[in-house]
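The values are calculated or read from the model by the stated rules, or taken from the named source; none is laboratory data. Everything quoted here is computed from the prediction, not taken from an experiment. Here the Cβ positions follow ideal geometry from the backbone for every residue, glycine too, while neighbour counts run over all protein chains shown.
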Amino acid sequence: MIGNSLLEYLGLRASIFSLRAIAPASIGYLISCAIKPTWIYKPLLIWSALEASFYLLVYLPRKSRLQAVSLKTLLTLVIVA
């Protein structure tokens, strides 16, 4: 359980930010490897490709579908209006 201190809150926000930045950083790494093909570490390239493909093919479509307005909400708005 997290406490109420400012330091714990900032640590939690920093952790969330770093986890959310992994996929965009992977995409940036792949783009930089495509522009200048000097692969420093091949397993990192493979991991970045897997991470970027999951982000683009699974996470973003699912996020947009889950954030869309539901049919029930639309019908409620039509009936009320």
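Do we find that SER70 is within 26 Å of LEU19 (Cα to Cα) and of a type in the set (Gly, Ala, Ser) in this structure? In short, no. Listed by first and then second residue, the pairs with beta-carbon distance under 6 Å, at least 6 apart or on different chains, first residue in the stretch 24-35 and within 14 Å of LEU50 (Cα to Cα), second charged (D, E, K, R) and assigned to a helix (DSSP H, G or I), are SER26/GLU51. In the stretch 5-23, the residues that are within 16 Å of TYR55 (Cβ to Cβ) reach residues that are modelled with pLDDT of 90 or more and assigned to a helix (DSSP H, G or I) with C-beta atoms within less than 6 angstrom, at least six apart or across chains, in these pairs: ALA23/GLU51; ALA23/TYR55. Listed by position, the helices (runs of 4 or more DSSP H) inside the chain whose residues that are out of contact with any His (no Cβ under 7 Å at 6 or more places or on another chain), aliphatic (A, V, I, L, M) and loosely packed, with under 10 Cβ neighbours inside 10 Å number at least 2 are 6-20, 22-35, 71-80.
So that you can scan it fast, the table gives a plain yes or no per residue for (1) charged (D, E, K, R); (2) in contact with a Ser or Thr (Cβ under 9 Å, 6 or more places away or on another chain):
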residue: GLU8; (1), (2): yes, no
residue: ILE35; (1), (2): no, no
residue: ILE40; (1), (2): no, no
residue: LEU50; (1), (2): no, yes
residue: PRO61; (1), (2): no, no
residue: ARG65; (1), (2): yes, no
residue: SER70; (1), (2): no, no
residue: VAL78; (1), (2): no, no
